[in-house]
Structures are given as structure tokens and as C-alpha cells.
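First the structure, in the form of C-alpha cells, and then the observations on it.
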2 protein chains.
Amino acid sequence: MQANNLYDIKWVLTQIEQVSQFSQDNAGITRLAFTPADHQARNYIISLMQASGLTVHIDAIGNIIGRFLPEGIDTDSSPAVATGSHLDTVPSGGKYDGVLGIVCGLAAINRLKSCSDIRHPLEVIVFAAKESSRFNLPTIGSKAMAGLVTAATLNAIKDQDGIALSAELAAIGFQTKQISTANRSKNSIKDFVELHIEQGQVLEQGRIRIGIVDKVSAPTRLKIIVLGTAGHSGVAPIEERQDALVSAAMIILAIRNIAAEYEYQGAVATVTILKTYPGTINVIPGKVEMWVDIRGTEHESIIEILQEIKDAVSSIADDYNTPIAIEVLSSEKPVLLDDTINQIMEAACCKLKQTSVRLDSRVGHDAMNIAHIAPAGVVLIPCKDGISYNACKEVAPDDIAAGLDVLTEILYQLAK
Amino acid sequence: MQANNLYDIKWVLTQIEQVSQFSQDNAGITRLAFTPADHQARNYIISLMQASGLTVHIDAIGNIIGRFLPEGIDTDSSPAVATGSHLDTVPSGGKYDGVLGIVCGLAAINRLKSCSDIRHPLEVIVFAAKESSRFNLPTIGSKAMAGLVTAATLNAIKDQDGIALSAELAAIGFQTKQISTANRSKNSIKDFVELHIEQGQVLEQGRIRIGIVDKVSAPTRLKIIVLGTAGHSGVAPIEERQDALVSAAMIILAIRNIAAEYEYQGAVATVTILKTYPGTINVIPGKVEMWVDIRGTEHESIIEILQEIKDAVSSIADDYNTPIAIEVLSSEKPVLLDDTINQIMEAACCKLKQTSVRLDSRVGHDAMNIAHIAPAGVVLIPCKDGISYNACKEVAPDDIAAGLDVLTEILYQLAK
């Protein structure tokens, strides 16, 4: 099962470098779902899959499934052992986010192809539209694969420029009404394991090589709309103003304080986007829209944080005479990953003499959706400063090598 | 000199209603400078000028000058008595803002045309691009007429979509290099008086019909850029974050407190626009841009308010470890209007039995630029709730009638 490790790592780093060239701009990696840069990256990975001898299938939501079928194995009676991650990024994202799990998954399958005792098909999956950056809904591809999203929901999804997700799917030959064909049955996948960089500092600060995720947090997203009274910014007396931006500033600070209070109870909240209207230099803001990301691994804490935000907002609305509405855009529950897989992961780390730790992930992964149709796990490797979404972030080649070794061993143990 | 007042007022209200139809959307009146809606309004006013027998001239910045030349008067030796205002609006602006002064100016000239003792040409001027909403620089047309702006400055001006002011001028047949031809000599205008709605509540609350402006405030505009560290909003511990939006919230509240402290010393400051970057729902804001409008009638207070903002910003930058830069985009000095004209205004109010009060204007008017080349004055009438820039605001027909009578009397006294 051991291949030429040095060669593999060089190949993995080269492919990650290649994919990082596909970006909408030069400020980090910007590859929003279904943009030309994303399509370039997807086509590049398809060519790598084909060069590795995998059969390639693209499902109705755009997930790319590359499959290796060992000789003498019957697809119908033998479910796949799958790995994979995403290629799309947030704006100005990092070089390793998502792509690491795809390229290492492909390298691991290449290592395992020559093993005679593999009894299951091996798959590497590129999940489409994982980031919510473009369509405001996260992990769309894996949701569709797990049957967690309907055609009606998909039909309503548009990006900030009004471009419909359905239009992007139509451009690659799919119709949202066919979405149920992307939903895989529970006996088509035996196990799923995703390799990802840690988006936190537990591994780096603890000098631990491998993270094994027990629970994946899920986001609750709010839109808060503050209504004030527009007026000339030179005129209205300060005390008589209903300045929507002043109320919004109070809300930002209130949410920061609530987040600081709850983060040790497994939930956090952040105001990430704010827009002022009319957005004119000499007019008092008459309306502010804010988007809030709440997430955590403890569902109870998320509910409490939401209530505290509602209470704070209500009090600010009264104090400043600015009506404020809160809309819950989405609310997902944290997902417990498979403990049997996690034990196999720990054994793999032990065998390969790599330090490991169990932890919770505050960020979402496609594995949390696949967990609804198959036992699923997530393996993490360290990322410098835990800044996964920043152009400056770095991942050490030694950590990638360890991640690849561990992933290969886990897939081998699950597929043999 | 008295015409059919009832007829005049009906005509004035009808024309204001007509012009209000020219709007980019239905949320109040939106007629940004040189947009199709603005061109429609400009063309409509040109047709009214022509129907009133005025000769129409458009200068190199797009100001429209309608002129009545009394019989036997020599243009060269006799400078004009002029009135006028603007047609462009802020987004979702009010129905009477600007257009009132143009339509009443035209009505006043129509009344005066039959007076045999008018010894000066009478002009009504539509000043181009008065609002800073589109090109971020206020009163562009009157600045050009008074020689207060250079071709180089104009060439650098673009709107938020990157459309150059020079391109809009080219579309109506002008080149910015000809801008000096718009600059009128000091002996081409004898006096200038602008009628406008009050953008404040002094008249309404005091139940006074006419405001006579002593001093016009001028804006100082800042752009504040806060730099934080972008990162996944589920991950970074709150205390370790460099969240640009949290620092921005502190700045918004600090500026509000500074404004409350200084407004009784003749200056005020408002954060009017805020933008978050990358503007993604699951990424901590790594950069915030804010625009601040400072204005007042006391130059010393403006300087002090600017220093207090700099001090507050510096302290917030240190406390939150977010570097913050302040750019002064523009800084204009308050303008003292002509006291002789103001005395003639007071006498006119007295003669017409209208209550009047001297006051300062916290908002800019084209008259403040024309004051550099001719004695200038501003007459105000009340506006409901002082909300000039809001679609809901109302002006009473009786107040408009009084404003028109007073304007006509002033122009008569200045031109006879």
C-alpha cells in the first residue's frame, strides 16, 4: 500500500499550485461557484481523474464523481468508499481550502489502485457550490447528493447580481427538476471521509498533526433590517435623528459581546455584511441591512444566542426609535460524525505514528450532509494561524504528507 | 408688478408636479445628475423657458441659463439680476428640493416681464450637478460658473460605476477643456437670489414664513478605511479577532457623540455610507470603508470636530488592533452671504406682510459659489418636518405663494 511518498507529495503540491491559478482576481484565491474560474478548476480536476484512469460522472447539481472500480468487484452489490471536498472558494480565499481534500483523495486512490485486497469501488467527489459566498446557501452539492434540498428551493436561489443557480446549471446541461437524480441511495456509499485543513488553531497551537472531528457545527443565518429616517446629514438635530447606521453600530457591538459570552459554550455570532441606504454622502442612513452568521456545535447554545440577539435588537429598536426586523434565512443543526470511522482514524494515526486529537469543527463541511446517507468522517491537518480564508495562509508540506498518509490508510481500512 | 397670483401658484404647482414625474424610480424622486431622468427634467424646463419667451443658453458644464432682456436694455453695460437653483436630486429625494427655486424663478420673471421699470436682464439658472450623490462633489455647475473648479479636477471625476463626468458632458456636446467658458465675469451678474425649501425646522417650529440666510455651511468629507483580518466567522476566538466592522461600529458611535457635542457650536458629523469587504456571509469583515459628512457654519468648529474624529479613530485603531486611515476628500469653508441683499429681503417681507427670520443654513446651496462673483442671497420657505430629502416631505401651497411673492419683490427691487 506504500507508494513513492516523495513523488506523491510533489505531485499533490504541484496540482494544488496549478488549481490556485484558476482565480477571478489576484487578491488571494477567488473562485465562486460556477464562475468561469470554478469551471476551469473543475475541468482541470476532471482531466486529472481521467489521467488516473477513473470513470467520471457529473450529477444533476454539478457534483463530479471520479470512480475507480477494482477488478472483479460488482458495483451493484458493493457500495463505494468515498472521499472528496470542494473546489469553489470564498472571495480572496486560501490556496488549500477544499482543493487539498480533492487532490489528496485522488493521490490516495492512485496509491490504492495497485492493492489487491481492495473490495469496494473508490470514489473522489468534487462537491459543487460548497461555499455560501455566491448563492447564500452552503454545501449545495452535498445537500443534493444527500437529498436535503428540493427543486423548489434550488429554483428560488439567485446570486447578488440576480443570476439564478438554475441558469448556471442549465449552462452545464442540467435542469433543477432533475435534482432528485443527484440524490444517492444509502447503499451506494459504504463510508465517506473528507480531508480538510483546520479552520482554527487547535492543531497548530497543540503541535498535533491530525484532527479527528466528532461534531460539525452548522450555521444559522440572519438578515437584520434597521429602518431609520433618511434626511440631510447637515440638518436634523442629533438627538432627533433616527439614524439606521447608529442603531446598526449598537447591534454590531451587542452581537460581539453576546458572541464573546457564548463562544466557550460552543457557539459564536458575527455580523459579516452591512449595507447602507440610500448610500449617499450627504444623507443620513434611512435603512441598513446586516447579515449575521451564527454557528456552533451545541444546538442549545445557538438557540440561546439567537434569543439574546433578538432581545438586544428589540431594546435598541426602542431606544433609538428605529424599527428593526430579523429574518432567519437558514438554520441547520450540528451533525455528529461516525464514531466507528473515528476509531479507525485514531488507529490509522497510531499505526503511522502521527499525533492526533478529537475535536469539534465550528465550520461546515460537505461530510455533514453525506452523514445523512452514509457513515462519515472528517480528517483535519494544521493551517498556519488557522486562517483558512485568507490569501496569506500557509500549510506545511509535512502536514500535507501526513494527511495524505492517514487518508490513504483510512480508505484502505474501510475498503479492504 | 402684481400678476394673477392664483393663476401663478396653480401654474407653479402644476410644473413642480410635472417635473416630479421625471424620476429613475418610484421611491421618492431619484434624479441623479445627467441621468436620463435629469435630462428629461432639464429639457422640460428648457421648453418652459422658451414658452416664456426667454433666450436659452447652455454653458460648458451644462448649466441652463434662461434670460429675459427688457426692451432698450444693453446687455454689455447692464449686468443681469439672476435667480435659480438645481434640478438633480439625491436618491429618493423630495419633490420640491431644487425645482421650487427654478419654477418660482421662472414665474417671478413672467410676472416682472410687463413691468416698465426693469433696467437689468433677468435670468433664471438651472445649475447642473448640484448634489454630490452621483459624482461625490457638490455644486459642480455653480462652482464652474464661479471659476472654482478646474478642468483637471473635472477630468478626474467619476461616479460609482466608473462613468466619467467628462463622458456625460461629451454626450451633450461639451468638453471639460472648455470649462473656463462657463466661468462668468464679476460684472455679468449684478445680484443673485436663490429660493429653496428649508432643510431644517426653524421656520416650521417658529411658524415663520420666510428664512433669510446669513451664512451657508460647507461640507468637509472624509473617507475612513478600517483594516482588519478576514477569517472564517465560525472560527477565530472573539478576543483575538481583528474585525474591521466592530472597529467601524465604535467609530460610528464615537462620531455620533462628537456630533452631539458640537452641533450647538455650529458643526455636525454623520457616517452616511459604509461598505464591508469581502462582504461574504461566513467571513469576518477584513476591511470596512466609511464616508463621513461634516458640515457647519463655523469653520473653527469643523476643524475641532475633525481633530476629535482623528483622536477617536486613533484610539480605536490601537484598542482593536485594526489600522485605520482617514482621507479628507474635500473641505470647503462656510460662506457669508450679502447683507445688503438680506436687508432688501427683510424690507420685501415687511412690505408683503410676511414673517421672516435671519438664520444660518447647514446645507450647501449654489448661491454660496455664486457669492464669489456677485452679491448673493438665499430665501427659504418652510418644509414639513424639515425633511427635504425624503419622499414623504410636504410643502404648503401658501408657503410657496409667499415665497414666490417675496422672490418677485426682491428681484424687482434689485432690477429696477
Can you spot a residue in the range A:307-322 that is aliphatic (A, V, I, L, M), part of a helix (DSSP H, G or I), within 27 Å of the chain's Cα centre (by Cα) and away from chain B (no Cβ under 12 Å)?
yes
Could you tell me whether the range A:76-88 includes any residue that is within 14 Å of chain B (Cβ to nearest Cβ), touching a Phe, Trp or Tyr at 6+ places or on another chain (Cβ under 9 Å) and within 22 Å of A:Thr30 (Cβ to Cβ)?
yes
Are there any pairs with C-beta distances below 6 angstrom linking a residue in the range A:240-259 that is within 16 Å of B:Ala248 (Cβ to Cβ) and at the interface with another protein chain (Cβ under 8 Å from one of its Cβ atoms) to a residue that is among the basic types (Lys, Arg) and surrounded by fewer than 24 Cβ atoms within 10 Å (Cβ to Cβ), with the two at least 6 apart or on different chains, and if so which?
A:Val246/B:Arg256
Here are some residues: A:Ser133, A:Ser142. Which one is assigned by TED's automatic domain parsing to the domain that holds A:Pro36, crowded, with 23+ Cβ neighbours inside 10 Å and at pLDDT below 95?
A:Ser133
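Only residues that are over 13 Å from A:Ala371 (Cβ atoms) and surrounded by 12 or more Cβ atoms within 10 Å (Cβ to Cβ): list them for the range A:185-195, please.
A:Asn187, A:Ser188, A:Lys190, A:Leu195
How many residues are within 21 Å of B:Ala367 (Cβ to Cβ) and facing chain A (nearest Cβ under 10 Å) if we restrict to the range B:217-239?
Residues that pass the stated criteria total 4.
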Report whether or not B:Ser166 is in a helix (DSSP H, G or I), surrounded by 16 or more Cβ atoms within 10 Å (Cβ to Cβ) and either within 20 Å of the chain's Cα centre (by Cα) or not polar (S, T, N, Q) (or both).
no
Hey, which of the strands (runs of 3 or more DSSP E) in the range A:41-118, taking only ones fully inside, have at least 1 residues that are under 18 Å from A:Lys416 (Cβ atoms)?
A:64-68, A:80-86
Enumeration of residues in the range A:260-275 that are under 16 Å from B:Val235 (Cα atoms), part of a strand (DSSP E or B) and at the interface with another protein chain (Cβ under 7 Å from one of its Cβ atoms):
A:Val268, A:Thr270, A:Val271, A:Thr272
So, B:Pro70, is that one assigned by TED's automatic domain parsing to the domain that holds B:Ala41, at pLDDT below 95 and under 20 Å from B:Glu409 (Cβ atoms) or not?
yes
Quick check: anything in the range B:352-364 more than 25 Å from B:Val292 (Cβ to Cβ), assigned by TED's automatic domain parsing to the domain that holds B:Glu194, touching an Asp or Glu at 6+ places or on another chain (Cβ under 9 Å) and part of a helix (DSSP H, G or I)?
no
Inter-residue pairs, beta-carbon under 7 Å, first assigned by TED's automatic domain parsing to the domain that holds B:Thr14 and in the range B:89-109, second of a type in the set (Lys, Arg), 6+ apart
B:Thr89/B:Arg31; B:Gly94/B:Lys393; B:Gly98/B:Lys130
Scan the range B:7-40 for residues that are over 19 Å from B:Ala396 (Cβ atoms), of a type in the set (S, T, N, Q) and either assigned to a helix (DSSP H, G or I) or not assigned by TED's automatic domain parsing to the domain that holds B:Ser85 (or both) and jot them down.
B:Gln18, B:Gln40
Set B:Gln199, B:Gln178: member being part of a loop (DSSP other than H, G, I, E, B) and not assigned by TED's automatic domain parsing to the domain that holds B:Ile309
B:Gln199
Counting only residues that are out of contact with any helix residue (DSSP H, G or I) (no Cβ under 8 Å at 6 or more places or on another chain), in a loop (DSSP other than H, G, I, E, B) and surrounded by 23 or more Cβ atoms within 10 Å (Cβ to Cβ), how many does the range B:207-235 have?
4
Residue hits (the range B:218-237; over 14 Å from B:Val288 (Cβ atoms) and modelled with pLDDT of 90 or more) are B:Thr220, B:Arg221
Selection within the range A:156-174 - among the acidic types (Asp, Glu) and farther than 14 Å from A:Ala128 by Cα
A:Asp159, A:Asp161
Which one of these does A:Arg256 not meet: (1) among the charged types (D, E, K, R); (2) modelled with pLDDT under 95; (3) within 23 Å of B:Ala230 (Cβ to Cβ)?
(2)
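Do we have B:Glu204 as within 26 Å of B:Gly93 (Cα to Cα), in a helix (DSSP H, G or I), touching an Asp or Glu at 6+ places or on another chain (Cβ under 9 Å) and at pLDDT below 95 here?
In short, yes.
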For the range B:245-270, the count of residues that are surrounded by fewer than 23 Cβ atoms within 10 Å (Cβ to Cβ) and either touching a Pro at 6+ places or on another chain (Cβ under 7 Å) or of a type in the set (Ser, Thr, Tyr) (or both) equals 3
Does at least one position in the range A:117-131 carry a residue that is within 14 Å of another protein chain (Cβ to nearest Cβ), in contact with a Leu (Cβ under 7 Å, 6 or more places away or on another chain) and not hydrophobic (A, V, I, L, M, F, W, C)?
no
Suppose we filter the range A:192-214 for residues that are in contact with a His (Cβ under 6 Å, 6 or more places away or on another chain) and more than 13 Å from chain B (Cβ to nearest Cβ); how many remain?
1
Of everything in the range B:276-296, what is touching a helix residue (DSSP H, G or I) at 6+ places or on another chain (Cβ under 6 Å), over 27 Å from A:Asp159 (Cα atoms) and within 7 Å of chain A (Cβ to nearest Cβ)? Give them in sequence order.
none
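The values are calculated or read from the model by the stated rules, or taken from the named source; none is laboratory data. This structure is a prediction, so every number in the text was calculated from the model and none was measured. We place every Cβ from the backbone using ideal geometry, glycine too, and count neighbours over all the protein chains shown.
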